[in-house]
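Data first, discussion second: the structure below is written as structure tokens.
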Amino acid sequence: MLSRDYLRSETQSARTRLSSRGVDPSLLDRWVALDFGRRSILGDVEQLKQRRNELSKQVGGIKREGGDPDALLAEVGELKKKIAGHEDHLVETEAELTGLELALPNLTHESVPMGADEKSNRVERTIGETTSFDFEPKAHWDLGPQLGILDFERGAKIAGARFTTYFGDGARLERALINFMLDLHTGEHGYREVLPPFIVNRDALVGTGQLPKFEEDLFKLRGHEYYLIPTAEVPLTNLHRDEIVEEAVLPIKYVAYTPCFRAEAGSYGKDVRGLIRQHQFQKVELVQLSLPEISYAALEELTGHAERVLQVLELPYRVVTLSTGDTGFSAAKTYDLEVWLPGQNAYREISSCSNCEAFQARRAGLRYRPNTGGKPRYLHTLNGSGLAVGRTLVAILENFQLGDGSIRIPEVLRSYFGGRDRIASG
RNA sequence: GGAGGGGUGGCAGAGUGGUCGAAUGCACCGGUCUUGAAAACCGGCGUCGGUUCACGCCGACCGCGGGUUCGAAUCCCGCCCCCUCCGCCA
């Protein structure tokens with residue numbers, strides 16, 4: 001959510017900046033009308049309530065002294081009717097107002113490149129050489145089944161399309177990556193490990209911005225107001241919902257491994273082969289709750305933590321700033337990390353690191369009390385994959401494949417394989 | 001699933017229809033005292049919204065949502081959460 005103060009006092013700028021994200025400018029006009037209407041009704045209703053409260057007090061006094069309050073009661077009766085009418089109107093106005101506010105995306109930071117889609121994204125830096133081979137490299141959807149470590153058919157048999165089953169060293173590699181990432185972020189980057197519920201309620205999803213707009217992307221439990229999490233960002237960011245924390249505890253840094261579930265509505269025909277786009281995938285997620293003043297430094301730091309995983313695994317990648325049109329609903333600025341995949345001859349997203357500023361904090365009621373005392377303020381939220389585990393596994397298979405179809409295990413993962421340096425058939 | 005108990009300010013804990021946004025204690029902040037500190041004493045100390053240049057004023061909030069009433073933390077209904085016992089279960 002954007003702040004009402006901003007929408008009110010900077011309406012023109014809000015109109016321009018939101019339209020660069022594809023928001024219909026007339027929504028702003030509607031907002032202004034509703035906001036004005038709300039305050040006008042509120043003024044009336046509160047005045048009537050004030051009068052009613054005064055009269056009620058008088059009635060109490062009169063009754064105590066054994067008098068007859070009938071004259072006052074008649075006036076109160078009138079007031080009650082008026083108040084009820086105004087309040088119905090007020091409830092409607094507020095419902096439409098918040099509905100509108102919940103549907104407006106965040107404003108992008110001034111450093112974000114303007115553009116309608118990913119074509120306007122800006123490459124910030126490219127790390128490592130794209131892997132070269134003296135043979136024709138294979139895609140992971142060929143390598144995995146050949147090695148017997150990924151089984152797409154059996155994933156589909158027990159669940160459906162976009163589900164995969166891992167066997168043997170495939171399952172072990174996934175587990176090794178999870179442990180390696182968690183160990184790195186807790187041991188060297190100062191994050192506290194969390195194991196949250198993988199199912200959340202509606203409020204949590206509204207808090208981070210998936211709802212009410214993107215319901216069709218989510219798996220909902222039948223007969224319950226429960227949803228499978230699309231990312232650990234949802235439980236982690238909502239951990240302190242409706243709390244006021246002391247400034248001294250900031251920044252709060254959480255890391256969690258969770259499976260993630262996405263309906264992938266509207267992506268039919270996209271990445272249908274392999275592990276790239278699944279209904280369920282594993283992810284290690286980083287979340288920070290930050291002081292507003294330093295949240296952009298925190299974004300650089302958090303992005304660096306995700307990059308560190310790729311560096312230690314010796315995977316080539318690049319960092320891209322998403323354009324205004326490609327930036328997600330809740331984010332003010334997003335860096336995507338794209339890993340080189342020889343099987344596709346392309347860089348593919350493996351992490352997305354965002355500063356949401358106070359957008360989620362307003363929705364979720366995340367505030368802090370300044371050291372100097374005074375009013376609570378909204379804090380800033382950041383999140384980033386550190387990393388998407390399935391895609392990391394893909395990158396390892398494709399980048400470290402050897403001519404004989406076996407896979408070289410990166411140095412830092414060997415301790416999770418009892419010291420072995422190869423994944424070979426069987 | 002069955003039976004019972006409970007959700008009040010940062011914490012503990014009063015309050016069962018009328019100046020109750022809420023006693024009291026602790027914690028916290030400021031002051032007095034003190035060489036300094038502690039103790040003691042004095043004062044302050046919730047959130048949101050509206051309005052105001054400001055001081056302030058007004059409204060709302062005692063898990064959430066409805067209802068009864070001139071008036072609800074207090075009575076009624078629904079829901080959520082927590083605890084205890086039984087059943088079941090990993």
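The values are calculated or read from the model by the stated rules, or taken from the named source; none is laboratory data. Please read these numbers as outputs of a predicted model, since none were measured by experiment. So basically every Cβ, Gly included, is an ideal-geometry build from the backbone, and we count neighbours across all protein chains shown. Ligands, DNA and RNA are excluded from the accessible area calculation, which covers all protein heavy atoms including side chains. Shrake-Rupley method; radii C 1.70, N 1.55, O 1.52, S 1.80 Å.
Strictly over 18 Å apart at the Cα level, which of A:49/A:82; A:49/A:81; A:119/A:213; A:57/A:80; A:157/A:220 would you flag in this model?
Correct reply: A:119/A:213; A:157/A:220.
Percent of accessible area on segment A:269-426 owned by carbon and sulfur, 1.4 Å probe?
Taking all protein chains in place, segment A:269-426 shows 44 percent carbon and sulfur surface.
With N denoting the number of residues in segment A:277-426, provide Rg(C-alpha) divided by 2.2 N^0.38 Å, to two decimal places.
Against the empirical 2.2 N^0.38 Å value, I get 1.27 for segment A:277-426.
Between residue A:53 and residue A:68, what length comes free when the chain is fully extended (0.36 nm per residue of separation minus the Cα-Cα distance, one decimal in nm)?
My answer for the length gained is 3.6 nm.
Give the relative contact order (percent, whole number) for chain A; include only Cα pairs under 8 Å separated by 6+ residues.
It rounds to 20 percent for chain A.
Using Cα-only point scatterers and the Debye equation, what is log10 of I(q)/I(0) for segment A:168-241 at each q in 0.19 Å⁻¹, rounded to two decimals?
The computed values of log10 I(q)/I(0) come out as -0.86.
Where does helix A:70-103 land angle-wise versus the long Cα axis of chain A, in degrees 0 to 90, nearest 10?
Helix A:70-103 sits roughly 20 degrees off the main axis of chain A.
Enter the angle in degrees (range 0 to 90, nearest 10) between the Cα long axis of helix A:168-187 and the first principal axis of the Cα atoms of chain A, meaning the one along which they spread out most.
Helix A:168-187 and the main axis of chain A meet at about 60 degrees.
What does the net charge come to around residue A:417 if you take all other residues with beta carbon closer than 13 Å to its beta carbon, with K and R at +1 and D and E at -1?
Within the 13 Å Cβ shell, the charges total +2.
Could you state the angle between the C-alpha long axis of helix A:295-312 and the longest principal axis of the C-alpha atoms of chain A, as a value from 0 to 90 degrees rounded to the nearest 10?
Once rounded, the angle reads 20 degrees.
Write down Rg/Rh for chain A, rounded to two decimals, with Rg from the C-alpha atoms and Rh from the Kirkwood relation over Cα pairs.
Using Cα coordinates only, the ratio equals 1.10.
Quick one: with all protein chains in place, what share of the accessible area of segment A:4-103 is carbon or sulfur, to the nearest percent (1.4 Å probe)?
It is 52 percent, rounded to a whole number.
Hey, how many Å between the Cα centroid of segment A:299-360 and the Cα centroid of segment A:149-186?
Answer, in whole Å: 22.
If you find the alpha carbon centre of segment A:99-114 and of segment A:63-94, how far apart are they in angstrom?
One Cα centre to the other: 43 Å.
Over chain A, average the accessible area per residue using a 1.4 Å probe and give it in Å², no decimals.
Ligands and nucleic acids excluded, the result is 47 Å² per residue.
Between residue A:159 and residue A:12, how many nm apart are label points set 7 Å from Cα along the C-beta direction?
Between residue A:159 and residue A:12, the simple spin-label model gives 5.2 nm.
For segment A:1-90, count the residues as N, evaluate 2.2 N^0.38 Å, and divide the Cα radius of gyration by that value, please.
Rounded to two decimals, the normalised Rg is 1.72.
Per 10 Å bin from zero, what fraction in whole % of the C-alpha pairs of segment A:153-210 is there, up to the bin with the longest pair?
Final binned percentages: 18, 24, 39, 19, 0.
Need the C-alpha centroid separation for segment A:387-423 versus segment A:212-227, integer Å.
If you average the Cα positions of each part, the centres end up 36 Å apart.
Excluding same-chain residues fewer than 8 positions from residue A:138, which lysines have a Cα within less than 21 Å of its Cα?
A:270
Modelled label-to-label distance, residue A:201 and residue A:349, 7 Å Cα→beta-carbon offset: nm?
Here the answer is 3.0 nm between the modelled labels.
Sorted by mean Cβ packing within 10 Å, highest first, what order do the peptides A:119-129, A:373-383, A:256-266 take?
Averaged packing, sorted descending, gives the order A:373-383, A:256-266, A:119-129.
Stretched out fully, how many nm does the piece from residue A:415 to residue A:270 gain, at 0.36 nm a residue minus the Cα gap?
Here the answer is 48.6 nm.
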